[in-house]
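A.B. asks: A single structure is presented below for examination.
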Amino acid sequence: MDKNWNHYKATGYYDELITPKGTPRQVARPAVKLLKELTAEDLAARRTAAEVAIREMGISFTVYSEAGNIDRAWPFDLIPRVITAKEWAKVRLGLEQRSRALNMFINDVYNKQKIFADGVVPAETVLESSNFKEQCMGASPRFGVWANICGSDLVRDVDGHFYVLEDNLRVPSGVSYMVENREITKRVLPEIFENYSILPVDDYPSRLYGMLAALSPRERKRPVVVVLTPGIYNSAYFEHAFLAQGMGAELVEGADLFVDNDNCVYMRTVDGPVRVDVIYRRIDEDFMDPEAFREDSTLGVPGLMRSWLAGNVGIANAPGSGVADDKVVYAFVPDMIRYYLNEKPLIRSVPTYLCMREKDREYVLNNLEKLVVKPANESGGYGIMVGPHADKATHRKFARLIEKDPRNYIAQPTLALSTAPTYIGDEIKPRHLDLRPFILQSRETWVTPGGLTRVAMVEGSLVVNSSQGGGSKDTWIVDGRL
Amino acid sequence: MIMLSRVAERVYWMARYIERAEDTARLVAAYNHLVMDIPRGSQPGWEILVRILDSDPVFDEWFNVRNEQNVLRLLIGEADAVCSIPYAVKAARENVRTTRDVLPDEVWELVNELYLYTSEASENSVGRRNRQQYLEQVIQRCQVINGVLRSTLCRDHSYRFIKLGQLLERADMTTRIIDVGASDFLEREGAAQGIEHLLWGTLLRSMSALGAYRRMIGPQVEKNAAVNFVFMEQTFPRSVRFCIRGIREELGPLTNNKAALRAVERTRRKLRNFDSSEFDQDALHRYIDDLQLIISELHLSVQSSWFHRDG
């Protein structure tokens, strides 16, 4: 595969493994050397082995389509992405700081609302958002932390710096694939580990358990923690089962739980009811309790909200956390960091134009072909317009949408997402990628070493979501000198 | 040790479906073997397999003529037919997929591999050429799954409900094989003259009982002794008596077990003093009918005691 690598060129972007001169970055040298030495046949055989491993391990995700739900094998590219521990240490500090500020913000919104009174964030942008849940006013979860699990999407621009693109504070997913990607690489490219000391990722479930256990309202040596899933037809069901098993916790569906007259949550077991201390909620808050939120929900547990407000059960993420998971609120995060922590932001945010501001809107409408326009409140890459890649008709459509509902749209400059060598067909090609680390916070804060790297498998594409054909890579944080 | 009622129900069914897939494969394999041994014209016909599995209505939904090709298409080739091997495997997999958190990792991988195997190979294994290899694969893979469960699963509630499912299914399957097998073969006694031992040998083989029978009873396979053996032999792990005893042991440590233990007692009373030489064909058939009813009541009491309890 030597020839293939020698022709590799990623121009106009920061490439994760290869310098503009075409030589491997220092940290990637041993890996690239090994991959170069593999024959084309050998590399293809490794890819087949990875596909077989994925099928046999049953790593899958569900895609919704008109033809019914399909259980798809997890897409994986076997060339790892490599980052130095030194660089990662800075990112980690930035993420911890950000998560602390976001949680102080959520706690403030549902309690004293000082940040509105002090004029740092306009109250109406938050209180009018569909992510603001009035039912949560006055709640005080343990440690003042609402978003116990945060998945922040990072991208690296052409300047080589990491930027936070968005913070997922509702029910972020993908962490199981981070763990499984490492497992697959170990199976199919075992030699590549010889020259590296790579920070392990497979202790995530035990970190998660520790974080959740700290939320228990009862003092117990081993609190009863459960993972609440909407069920097998959810796209992330694989992950729910993976995490429950990794934590030795029960994987429950709404019908397995009930709230008794004492306002405590119980699960139905073969030995009768057992009290639950902490619920890791993988179900949208709108569906979690038909008494408090959507009445038509059959997935939830009637009375759950009552029990949580009474302090009888811990719920992560706390209902209402999504109020900070809003692309308008995103624009204010650097201000929050200065306001709550009196610190300078350690990790960059992408400059954001809020269409609700007249001046910003004018700029956006005049520069649609340069900008990425996003609805404030959608996930999974839906409803996004990438200006430079869209035609005139789409520009006009988005102009109308923005004028109709300015609060619901933001715009950002198009970032030149970094690339990494990716094995496509029988060639090694540059493909754009992002990175989703996970931040756990209750008594302490902890960040995964690396995270889930998602790759846009189509040439030039910036859409990395697995539901839209994106792939993934094992992500290494490499310690020490090579 | 906590066990959700829903999870208990799913691992129970997982075990039943794995056992069903294995037993169905055993049955077809044994019959396949028999067909090659006996002279043309004496064969009791392939539809007997459909009857053993209580699947006449399902058969009629899919096919008209009861011949070798159609019967095997139903039992091997049609993943959507409830009595087929791929259907049982798929149902087992769905149950494991939703209970992975209480089972050892390998169980999911093995059941998933079995599923991938049957979804790829089933359609091409209807014909005689690939059939035997397919059936052997299914049997072996089910045995591996059971082996992993035995050697890695803690003896807690999940193990208990898995055992309950497996033993109930096995006891049920054993009575089915004897019931329909016996009556049909007897009807054809004229035609089957001189090969009765071959036919009964086949039935024993389908339960992996032939070798044990020979060592304990003798080399000649004879109807009454064979029926007694698979019903009553307390050392043979597929006998009805052995299965019922196992069920009683597993029920012991469970709370709320009174109703299920009562159902077990009824089965044991029914089995006590069983002697097939005292029965003619009709009486044996009635006896087995009763026994199957009691076994299905046992299933219902497990269901209402642990799976669908309120509060």
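Readers should treat all values here as calculations from the given coordinates under stated rules, not as data from a laboratory. Please read all numbers here as calculations on a predicted model, not as lab measurements. Neighbour counts are summed over all protein chains in view; Cβ atoms, including those assigned to glycine, are modelled from backbone coordinates with ideal geometry.
A.B. asks: Just round it to a whole percent: the fraction of Cα-Cα distances in segment B:108-162 exceeding 16 Å. It would help to have the intermediate numbers written out before the result.
C.D. replies: Numbers: 738 of 1485 pairs.
For segment B:108-162, the fraction of Cα-Cα distances above 16 Å is 50 percent.
A.B. asks: Another one. Name the long-range amide H neighbours of A:L251: under 5 Å, sequence gap of 5 or more, or other chain; modelled H, no Pro or chain starts.
C.D. replies: Those qualifying (amide H under 5 Å, at least 5 residues apart or on another chain) are A:V227.
A.B. asks: Tell me which of A:N168, B:Y115, B:S55 sits at the most positive position along the dipole axis of the protein assembly as shown, charges placed on C-beta atoms (Lys, Arg +1; Asp, Glu -1).
C.D. replies: Working it through, the farthest residue towards the positive pole turns out to be A:N168.
A.B. asks: Here is a follow-up. Within segment A:178-257, list the trypsin sites (Lys or Arg not before Pro) lying in a DSSP loop whose Cβ has at most 11 other Cβ atoms in a 10 Å radius. Write out the running numbers ahead of the final one.
C.D. replies: Values: sites: A:R182, A:K186, A:R187, A:R207, A:R218, A:R220, A:K221; in loops: A:R218, A:R220, A:K221.
Filter output for segment A:178-257: A:R220, A:K221.
A.B. asks: Inverting the mean 1/r over all pairs of different Cα atoms, compute the Kirkwood radius of the protein assembly as shown and quote it in Å. Walk me through the intermediate numbers first.
C.D. replies: On the way: mean 1/r = 0.0335 Å⁻¹.
Every distinct Cα pair counted, the radius reaches 29.9 Å.
A.B. asks: Calculate how large, on average over all directions, the projected area of the Cα convex hull of segment B:5-307 is; give the answer in nm² to one decimal. It would help to have the intermediate numbers written out before the result.
C.D. replies: Details: hull surface 60.6 nm².
Mean projected area of the Cα convex hull: 15.2 nm².
A.B. asks: While we're here: Given 5 Å bins starting at zero, what is the percent of C-alpha pairs of segment A:1-144 in each, up to the one with the largest pair distance?
C.D. replies: Histogramming segment A:1-144 at 5 Å steps yields 2, 7, 10, 11, 9, 9, 11, 12, 11, 8, 7, 4, 1, 0 percent.
A.B. asks: Among A:C264, B:C243, rank each residue by its count of other Cβ atoms within 10 Å, from fewest to most, as a rough exposure measure.
C.D. replies: Working: A:C264 19, B:C243 24.
With the fewest neighbours first, A:C264, B:C243 line up as A:C264, B:C243.
A.B. asks: Can you sort A:C355, B:C83 by how many other beta carbons sit within 10 Å, fewest first? Walk me through the intermediate numbers first.
C.D. replies: Details: A:C355 24, B:C83 21.
Least to most surrounded, the residues fall as B:C83, A:C355.
A.B. asks: For segment B:232-269 and segment B:58-129, what is the separation of their Cα centres, given in Å?
C.D. replies: 29
A.B. asks: Beyond 26 Å, what percent of the Cα pairs of segment A:227-377 remain?
C.D. replies: Working: 5219 of 11325 pairs.
So the pairs more than 26 Å apart make up 46 percent of the total in segment A:227-377.
A.B. asks: How high is the relative contact order of segment A:352-413, in percent, counting Cα pairs under 8 Å that sit 6 or more residues apart? Don't skip to the end; give the middle numbers.
C.D. replies: Numbers: 85 pairs, mean separation 31.0, N = 62.
Result for segment A:352-413 is 50 percent.
A.B. asks: With +1 assigned to the C-beta of every Lys and Arg and -1 to the C-beta of every Asp and Glu, and no other charges, what is the dipole magnitude of segment B:5-307 about the Cα centre in debye, to the nearest 20? Can you show the working numbers first?
C.D. replies: Values: 40 positive and 42 negative charges, 187 e Å.
Here the size comes out at about 900 debye.
A.B. asks: Still on this structure, I have one more. For every helix of n ≥ 4 consecutive DSSP H residues, a contribution of -39,500 (n - 2.57) applies; sum these over chain B, divide by its total residues, and give [θ] at 222 nm rounded to the nearest 500 deg cm²/dmol.
C.D. replies: Working: 15 runs with 217 residues, N = 311.
That calculation yields -22500 deg cm²/dmol at 222 nm.
A.B. asks: Considering segment A:352-413, what Rg and Dmax in Å follow from its alpha-carbon atoms?
C.D. replies: 10.2, 29
A.B. asks: Please give the FRET efficiency for A:K404 paired with A:A123, using the beta carbon to beta carbon distance and R0 = 25 Å, rounded to the nearest 0.05. Spell out each step's value before the answer.
C.D. replies: Numbers: r = 23 Å, r/R0 = 0.93.
That gives a FRET efficiency of 0.60.
A.B. asks: In segment B:5-307, with Lys and Arg counted as +1 and Asp and Glu as -1 at Cβ, which of these residues, B:N32, B:P237, B:P253, has the Cα nearest the positive end of the dipole, that is, farthest along it?
C.D. replies: Value: B:P253.
A.B. asks: Follow-up. Take the Cα atoms of segment B:224-263, find their three principal axes, and give me the spread along each one in whole Å, biggest first.
C.D. replies: 39, 16, 9
A.B. asks: Please report, in whole Å, how far the alpha carbons of segment B:65-182 spread along each principal axis, starting with the longest.
C.D. replies: 47, 34, 22
A.B. asks: Please give the Cα centre distance for segment A:117-189 versus segment A:1-65, rounded to the nearest Å.
C.D. replies: Result: 29 Å between the Cα centres.
A.B. asks: Can you give me the pair-distance distribution of segment A:345-482, C-alpha pairs, 5 Å bins, whole percents?
C.D. replies: 2, 9, 15, 17, 17, 15, 12, 8, 4, 2, 0, 0
A.B. asks: Select from segment A:346-403 those chymotrypsin sites (Phe, Trp or Tyr not before Pro) which occupy a DSSP coil region and have at most 16 other Cβ atoms within 10 Å, ordered by residue number. It would help to have the intermediate numbers written out before the result.
C.D. replies: On the way: sites: A:Y353, A:Y363, A:Y382, A:F398; in loops: A:Y382.
When the chymotrypsin sites (Phe, Trp or Tyr not before Pro) of segment A:346-403 are filtered for loop state and at most 16 Cβ neighbours within 10 Å, A:Y382 remain.
A.B. asks: Right, something else. Taking the alpha-carbon centroid of each part, what is the distance from segment A:206-235 to segment A:282-345 in angstrom?
C.D. replies: With segment A:206-235 and segment A:282-345 each reduced to a Cα centre, they are spaced 16 Å.
A.B. asks: Can I ask one more? Grab the eigenvalues of the alpha-carbon gyration tensor for segment B:36-109, scale each by 5, take roots, and send me the semi-axes largest first in whole angstrom. Intermediate values should be presented prior to the final figure.
C.D. replies: Details: eigenvalues 212, 42, 16 Å².
Over the Cα atoms of segment B:36-109, the semi-axes work out to 33, 15, 9 Å.
A.B. asks: What are the ³J(HN,Hα) values, in whole Hz, obtained from phi via the Karplus relation 6.51 cos²θ - 1.76 cosθ + 1.60 with θ = phi - 60°, for each residue of segment A:165-176 in sequence order, with x given for Gly and Pro?
C.D. replies: 3J(HN,Hα) across segment A:165-176, in whole Hz: 8, 7, 10, 9, 10, 8, 10, x, 10, x, 5, 5.
A.B. asks: For the protein assembly as shown, build the charge dipole from Cβ charges (+1 Lys, Arg; -1 Asp, Glu) around the Cα centre, then report which of A:V350, A:V328, A:L257 sits farthest towards its positive end.
C.D. replies: The residue sitting most towards the positive pole is A:V350.
A.B. asks: Give the long-range amide H neighbours of A:R281: residues separated by 5 or more places, or on another chain, with amide H under 5 Å away, using H modelled in the peptide plane at 1.01 Å from N.
C.D. replies: So A:R281 has HN proximity to A:L228, A:A316, A:N317.
A.B. asks: Would you mind working out the magnitude of the charge dipole of the protein assembly as shown relative to its Cα centre, with +1 at each Lys and Arg C-beta and -1 at each Asp and Glu C-beta, to the nearest 20 Debye?
C.D. replies: Approximately 1780 debye in magnitude.
A.B. asks: Within a 10 angstrom radius of the beta carbon, how do B:M36, A:M104 rank from fewest other beta carbons to most?
C.D. replies: Working: B:M36 8, A:M104 21.
Listed from fewest to most nearby Cβ atoms, that is B:M36, A:M104.
A.B. asks: Please identify which residues in segment B:155-178 have an amide N closer than 13 Å to a label point set 7 Å out from the Cα of B:T235, following the Cα→Cβ vector.
C.D. replies: Label zone hits: none.
A.B. asks: Also, quick follow-up: Scan around A:V464 for amide H atoms under 5 Å from its own, H built in the peptide plane at 1.01 Å from N, and keep only partners 5 or more places away or cross-chain.
C.D. replies: none
A.B. asks: Could you check what % of the DSSP bridge pairs in chain A are antiparallel, to the nearest 5? Mind showing how you got there, number by number?
C.D. replies: Values: 48 of 66 bridges.
So the antiparallel bridges in chain A amount to around 75 percent.
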